[in-house]
1. Using 0.36 nm per residue of separation minus the Cα-Cα distance, give me the extension gain between Asn130 and Lys51 in nm, one decimal.
2. Using only Cα atoms and rounding to the nearest 10 degrees, what angle (0 to 90) does helix 125-138 make with the longest principal axis of the chain?
3. Which values of log₁₀ I(q)/I(0), to two decimal places, follow from the Debye formula for segment 188-231 at q = 0.14, 0.23 Å⁻¹ with a uniform point scatterer at every Cα?
4. Want the number for Asn202 to Glu106: 0.36 nm per residue separation, take away the alpha-carbon distance, what's left?
5. Which links in Lys49/Lys83; Lys83/Lys182; Lys45/Lys120 stretch past 26 Å when you go from one Cα to the other?
6. Just for segment 10-224, what percent of DSSP beta bridges are antiparallel, to the closest 5?
7. Given a 1.4 angstrom probe, I'd like the percentage of the accessible area of segment 10-224 that is carbon and sulfur, rounded to a whole number.
8. Separation between the Lys83 and Asn141 pseudo-spin-labels, each 7 Å from Cα along Cα→Cβ, expressed in nm?
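The values are calculated or read from the model by the stated rules, or taken from the named source; none is laboratory data. Keep in mind it's a predicted model, so treat the numbers as computed, not measured. Ideal geometry is used to build each Cβ from the backbone, glycine not excepted, and the neighbour counts take in all protein chains shown. Quick note on the areas: whole protein, heavy atoms, side chains included, nothing else; ligands and nucleic acids left out. Shrake-Rupley method; radii C 1.70, N 1.55, O 1.52, S 1.80 Å.
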Amino acid sequence: MSNRPTTLNDHDPLAHTILRVLEDFIDEVGARECTAHFDKVVDGKYFLKGKHLIQKPERFTEDHLVFPMLRRAFGYSIRPQPKQYAPRWPRGGGVPDFCITSIPIEAAMQHDLRFFGEVKPPKKIENARNDVVDYLDSDLNVNAIAILTDGFEWELWVRPKGEPIDDLENPYAAANLKPSLKTVRTRNKVTTPYQSHEVRNNIDTEAFSNFALDAVLDVIETEFGVDTNSF
């Protein structure tokens, strides 16, 4: 039996679930024979390329990393590419990559609440920021929460109704998966296997817990004055 002292994260369900998501993602990278290419993305200046994935990088990141994190780790139900979302975007506006459907549409309409997200391929988080700013500037008449990510970096933005985005300090919360991915990627290589407990302990669960459904419901109550017990 190991003499290593037990730490909080050894039994942290969020750390455990995030690790499972990362392992599944890295396994998919390996199944597509993209391990060497992914190494260049993580370690160098390369970007994820569709010709290696045989799929658009943004969609690959959504399907195998971002959406599993949202559903399995953070506890959300989501709708990708929502055309009808309450309250609706102004006519002529773009469509976000996903909306959160954990809050019933009726409740979102009643409280003028919009909860959505933008996804970009790894190392293109700035593009997600620009898109979110465009969305938020297009309609000041709602309380808005946005999750934006490139799979590696995660940001939570909060914009109360009527407040220009330039007047706010965002991101409201931030977290990064890249350090953990650098470790977990070794499961595709002939090397000394990583220790799961060490990866779990190194996952910044304090930062990622800000993205969980219960935590964001608290933000909605604190920042927007909305009673989420009615949801």
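1. 25.8 nm
2. 10
3. Each listed q maps to, in turn, -0.53, -0.81.
4. Separation in residues times 0.36 nm, less the Cα-Cα distance, equals 30.6 nm.
5. With Cα atoms farther than 26 Å apart: Lys49/Lys83; Lys83/Lys182.
6. The antiparallel proportion sits near 70 percent.
7. Answer for segment 10-224 is 46 percent, counting heavy atoms of protein chains only.
8. Between Lys83 and Asn141, the simple spin-label model gives 2.3 nm.
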